[in-house]
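The values are calculated or read from the model by the stated rules, or taken from the named source; none is laboratory data. Keep in mind that what you see is a predicted model, and the values were worked out from it rather than measured. Virtual Cβ from ideal backbone geometry, glycine too; neighbours counted across all protein chains shown. Areas reflect the complete protein model, heavy atoms only, side chains present, ligands, DNA and RNA absent. Shrake-Rupley method; radii C 1.70, N 1.55, O 1.52, S 1.80 Å.
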Amino acid sequence: MNEEQRKEQTQARVGTSSADKKSDQTKDYSQYFQTTFTPPDLKQAKKRGKENVAVHYDFDIPEDMQGIGNGKKFLIRTYGCQMNEHDSENMAGILLQMGFESTAFSEEADVILLNTCAIRENAENKVFGEIGHLKPLKLEKPGLIVGVCGCMSQEESVVNRILQKHQHVDMIFGTHNIHRLPELLKNAIFNKEMVIEVWSKEGDIIENMPRARKGQIQGWVNIMYGCDKFCTYCIVPYTRGKERSRLPEDIIEEVRHLARNGYKEITLLGQNVNAYGKDLVDSDYGLGDLMDEIRKIDIPRVRFTTSHPRDFDDHLIEVLAKGGNLVEHIHLPVQSGNSEVLKLMARKYTREQYIELAQKIKKAMPHASFTTDIIVGFPNETEEQFEDTLSLMKEMEYDSAYTYIYSAREGTPAAKMEDNVPMDVKKDRLQRLNAIVNDLSAKKNQAYEGKVVEVLVEGESKKNPDVLMGRTRTNKLVNFKAPTSTIGTLLQVRVTEAKTWSLNGEVVETVGVNS
Ligand code: 5AD
Ligand code: SF4
């Protein structure tokens, strides 16, 4: 996209209003107790309007809310994916600007926010467990504000359950309402009624929210929001809204800013990251174009996640093959190795098409590591169909895989199918799949023995503080001994021992390797 087109794009977006995007307040919650609210509605969330998305650059903490947090502390517990982690960085940034300080201890906190994940039932159970645990603390300290946000708050069933059973929760707000946190918090503190604000239709793009990044080595950069794929098992298109891309210049400026501030690695984030640009008006600018520009920025490593095979185009492959700061790791979720199951999942590719794509990528990036996501026990999955997943694992020789038992999510098309694979069969399939994943991972790691790899030193190993840990460009975890002063630098490390999930190594060079 040239400068002229970009300006037009910005104008096309900035000129659009979002006032009509909030869901209608259709349900009567007054039976529970007094609330100030906009409730969620999954049916609304499913609708994909054609209206443009406006980009706002004027976020500010309203004057009467500045200083509200002086002398008070906050704690955010984050569940789920990197997108949630990144959203928590925004919320922390807002709270810090309101005067709050952060704490790691719930006993010390005046505001506790649970940034939740709805992807599987067990993720939700964990959150409900934590909400329950907070009740005694709230009784002891009535001034404490307990907030629930993130993907679960976009679900009507969750909001209803909180209203009925967890009245110690003070506020619930959705994934599209993060920028409204100052106002919502003020209402929760001063009005003493439960505050619920969940817009089911996605909001605009808010560019300049404050952000308290967790580290100074690796940074997340959101490039798009939402997902339009509607895989039949997945709740994300409902909880995160339609696909909305940030403007290239805003992303590039953010990456440059991180580079200037000494960050060594960025991860471009999106639920369906390679659909980037599809919603940009009058433009065919895509992820390949964006990465080609980011490639020229002086930051040592650039990753991206998560991609959908359908949107992985040739231009992107061509750009990734140029290497440089674009690292050799491809996470390409396949979900199943059987074409009939893939059809039921609405993944819109067959086993053969996936393999063809993966081979094309491997040819262009021969040293890339490959990882994937798999769901076992999808409705109607037969033993033979599951075995196709096992054979695909072996054929693809993945470096690693995230493997999940299918979990029915209310409101999704798959939830209407009979969840007819018994739990013991699902567990057995998961175990057999994981055995192969472990074998492949160990085998792939063995190939590293004796090699010298570039490692970005992230910090002390969680298991052994005498040892540092870092990752290769291919995202392999490496443990090694080195002074803590090397944290945040790039080191050359010789791999001395391969384990199933990590590598041990020794530093071969410590001087002059920092970018
Ligand atoms: N049940 C199990 N796993 C799921 N995933 C998404 N939805 C479900 C579900 N309903 C998995 C997919 C996706 C990953 C982030 O979570 O594998 O790629
Ligand atoms: Fe969910 Fe990913 Fe499919 Fe989107 S592409 S519906 S986020 S699994």
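Observations on the model:
- Spacing of the modelled spin labels on residue 208 and residue 397, each 7 Å from Cα toward Cβ, amounts to 5.2 nm.
- Solvent-accessible area, 1.4 Å probe, carbon plus sulfur percent, for region 30-197: 47
- When the alpha carbon gyration tensor of region 214-446 is reduced to an equivalent ellipsoid, its three semi-axes come out at 32, 21, 16 angstrom, largest first.
- Hydrodynamic radius (Kirkwood) for region 91-181, which is based on Cα pairs only, to one decimal in Å: 13.6
- Restraint check, 264/463; 360/499; 126/214; 43/416; 343/394; 443/481, Cα-Cα greater than 19 Å: 264/463; 360/499; 126/214; 343/394; 443/481
- Two-decimal Rg/Rh across region 155-234, once Rg and the Kirkwood Rh are taken from alpha-carbon atoms: 1.03
- Counting all C-alpha pairs of the chain, share separated by more than 32 Å (%): 46
- Region 271-343-region 402-445 distance, computed between alpha-carbon centres (Å): 26
- Dipole magnitude for the chain: about 660 debye, using +1 per Lys or Arg Cβ and -1 per Asp or Glu Cβ, origin at the Cα centre.
- Using a Förster distance of 60 Å, the FRET efficiency for residue 485-residue 387 (Cβ separation, nearest 0.05): 0.70
- Projecting the Cα atoms of 184, 234, 219 onto the dipole axis of region 91-250, where Lys and Arg carry +1 and Asp and Glu carry -1 at the beta carbon, places 234 farthest toward the positive end.
- The mean accessible area for residues of the chain, using a 1.4 Å probe and ignoring ligands and nucleic acids, is 43 Å² per residue.
- Comparing 480, 309, 57 along the charge dipole axis of the chain, the residue lying farthest to the positive side is 480, per the Cβ-charge model.
- Portion, in percent, of the accessible area of region 452-511 that falls on carbon or sulfur, probe 1.4 Å: 46
- When the solvent-accessible area of region 253-299 is split by element, carbon and sulfur atoms take up 38 percent of it, the probe being 1.4 Å.
- Value of D in µm² per second that Stokes-Einstein yields for region 392-505, Kirkwood Rh from Cα pairs, at 10 °C (1.306 mPa s): 97
- Scattering curve values for region 103-238, log₁₀ I(q)/I(0), Debye with Cα scatterers, q = 0.11, 0.13, 0.20 Å⁻¹: -0.44, -0.62, -1.36
- Computed E for residue 46/residue 417 - FRET, C-beta separation, R0 25 angstrom, nearest 0.05: 0.90
- With one equal scatterer per alpha carbon and no solvent term, the Debye-computed log10 I(q)/I(0) for region 30-197 at 0.08, 0.12, 0.15, 0.16 1/Å reads -0.23, -0.52, -0.83, -0.95.
- Kirkwood Rh (inverse of mean 1/r, distinct Cα pairs), region 334-437, angstrom: 14.2
- Highest mean packing comes first when the peptides 301-307, 377-383 are listed by Cβ atoms within 10 Å, giving 301-307, 377-383.
- The chain: antiparallel DSSP beta bridges as a percent of all, rounded to 5: 30
- Taking the alpha carbon gyration tensor of region 452-511, multiplying each eigenvalue by 5 and rooting it gives semi-axes of 15, 13, 10 Å, largest first.
- Ellipsoid equivalent to region 158-306 - semi-axes via the Cα gyration tensor, in Å: 32, 20, 13
- Relative protection proxy for 225-237, 67-79, from highest mean packing down: 225-237, 67-79 (other beta-carbon atoms within 10 angstrom).
- Relative packing of 196-207, 118-129, which averages over residues the other C-beta atoms within 10 Å, highest first: 196-207, 118-129
- Look at the dipole of region 346-411 built from charges on Cβ: of 354, 380, 368, the Cα furthest out on the positive end belongs to 368.
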